[in-house]
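First up is the structure itself, then whatever we jot down about it.
Values quoted throughout were computed directly from the atomic coordinates according to the rules given, and no laboratory measurement underlies them. Everything quoted here is computed from the prediction, not taken from an experiment. No Cβ is skipped: glycine too gets one built from the backbone with ideal geometry, and neighbour counts run over all protein chains shown.
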Amino acid sequence: MDFTLSDEQRQLQQLARDFARKEIIPIASEYDQREELPWQVVEKAFEVGLLNAAIPEHAGGLGLGMFDECLIGEELAYGCMGIYTILMASELGITPILVGGTEEQQQRFLGPMTEKASLAAFALSEPNNGSDAAAMHTTAVLDGDEWVINGTKMWISNGGMAEVTVVFATTDRQGGHKASVALVVPRDALGFSYNKIKHKMGQRASLTSELVFENVRVPRGNQLGGLGDGFKIAMKTLDKTRIPVAAGSVGIARRALDESVKYAKAREAFGKPISTFQAIQFKIAEMAMGIETGRLMYQKAAWLVDQGQTHGFESAIAKAYCSEMAFDAANEAIQVHGGYGYVGEYPVEKLLRDVKLNQIYEGTNEILRVVISRQLLK
Ligand code: CAA
């Protein structure tokens, strides 16, 4: 066992750390307030190689593994989880094409994304079914050599701004997962529109949308895998992409810790810095314990992915644990800051608003407990 990062990994980590400090932290609060996606950050991330880094070399990309992606994720989320979600959700949109697509499809859909700043999206959830993903209502009907898609998807990160959206649909609403199909829909497809979801609690710099499909036609060649494979492609995707959520959560917790240490050393009460009180010291120690534990979890899960080993159990544990640990860290960071933590002048209230979503998206932590316990009880 070796916990040492390679020189390349340390450089990558430093690149992402610098990027968070220079490009993300200075604008995070402003874009959160404006509820606007900072496109210039996406462009800069593309320029330095931090966008869509999982696109394989045969499609013109960097082909980064999951471990490396997560090293980047922890650093970017330290800067702003909302902005990190833009990039992370793009990797989520790419992953089904890597899981279920042929080499030709990977080149066709992902190749152009290596030439200019562009995003992908993953459209599984619907207005009336999120956790019960197999119960999808969006239909796909074959008409000659084209699929015709009708329905509505909900809570889609990057929805409407993505060059490619992987849409999961059913050919028979009574058919369960065996009737599911995964289809790649380009941004400019006729009949494809979106509505931005406003007034989110946190992660407001990331775009979340409702997607509407009205007789949207895509060629049969945009189908990933076989008929009936859609659900399994989605599940295999999420088994991987829950790990970057865990890594991002560790980034948030680290930020909560750093902000707490800084404040506790500067703020005085009863004639001395509050960092000298055990009540504060214990909170800081708890945060550090959670961060160290969480990092080990996401790194192990990511390592399993890169080794080609099964990883669904570990990724579910990492995502559930890290998002809950980070929620507690952000909550305690507010407590350390007292009244100042409750207002937007300090970054800690945004950390709490942002991290809440990590417990909900890419599988609620309750669904992840289902995934974990099923593995143990089967
Ligand atoms: N890998 C491969 N195959 C899998 C699998 C996995 N992880 N999980 C299930 N399957 C297979 C099963 O083996 C089974 O196959 P057979 O019928 O051939 O045996 C089939 O899929 C059906 O499996 P289940 O009966 O277990 O399915 P289920 O209906 O009970 O659902 C679930 C299981 C775990 C609850 C699943 O529905 C689930 O994960 N739900 C949560 C969905 C989710 O995470 N959504 C997040 C959306 S993305 C997002 O958040 C948006 C964003 O933009 C960030």
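Tabulated values for the structure
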read-out	value
Within-12-Å neighbourhood charge of Pro186 [Cβ basis; K, R +1; D, E -1]	+1
Cα Rg, Dmax (largest Cα-Cα span) when computed across region 232-377, Å	17.0, 61
Length-normalised contact order for region 7-114 - Cα pairs under 8 Å, 6+ apart - percent	32
Cα-Cα separations in region 75-142 greater than 15 Å, expressed as whole percent	66
Reach of Lys198 by Cα under 20 Å, taken over lysines that are not fewer than 8 positions away in the same chain	Lys153, Lys350, Lys356
Folded to 0 to 90 degrees: helix 348-358 orientation relative to the chain principal axis, Cα	30
Region 96-192: GluC sites (Glu not before Pro) in DSSP loop, at most 11 other beta carbons within 10 Å	Glu115
Given charges at beta-carbon only (K, R positive; D, E negative), |dipole| of region 232-377 in Debye	220
When region 120-227 is reduced to its Cα atoms, the Kirkwood hydrodynamic radius in Å	13.8
The chain: relative contact order in percent, alpha carbon pairs under 8 Å with at least 6 residues between	17
Folded to 0 to 90 degrees: helix 230-266 orientation relative to the chain principal axis, Cα	20
Mean residue ellipticity (222 nm) of the chain, computed from DSSP H runs ≥ 4 via -39,500 (n - 2.57), nearest 500	-17000 deg cm²/dmol
Per-residue ³J(HN,Hα) for region 173-188, Karplus 6.51 cos²θ - 1.76 cosθ + 1.60, θ = phi - 60°, Hz, x for Gly and Pro	4, 8, x, x, 5, 5, 9, 8, 9, 10, 10, 8, 10, x, 4, 8
Value of relative contact order over region 232-377, rounded to a whole percent, pairs C-alpha under 8 Å and six or more apart	32
Hz values of 3J(HN,Hα) by residue in region 286-303 - Karplus curve (6.51, -1.76, 1.60), Gly and Pro given as x	4, 4, 5, 4, x, 5, 4, 5, x, 5, 4, 5, 5, 5, 5, 4, 5, 4
Per-selection metrics, region 225-315 (Cα): Rg and Dmax in Å	19.6, 70
Amide hydrogen neighbours beyond the local backbone of Ser157, cut-off 5 Å, H modeled	Phe122, Ser209
Table column - 3J(HN,Hα) (Hz), region 311-321, Karplus curve with 6.51, -1.76, 1.60, x for Gly and Pro	8, x, 5, 5, 5, 5, 5, 4, 5, 5, 4
Full-extension gain in nm, Lys198 to Gln33, via 0.36 nm per residue minus C-alpha separation	58.3 nm
Size of region 314-363 as Cα extents on the principal axes (Å, biggest first)	37, 16, 10
Quotient of C-alpha Rg and 2.2 N^0.38 Å, computed over region 34-114	1.09
Listed peptides 250-261, 62-73, 21-32 by packing density, highest first (mean Cβ within 10 Å)	250-261, 62-73, 21-32
10 °C / 1.306 mPa s Stokes-Einstein diffusion coefficient of the chain, Kirkwood radius on C-alpha pairs, µm²/s	75
Cα-based helix-to-principal-axis angle, 7-19 vs the chain, degrees rounded to 10	80
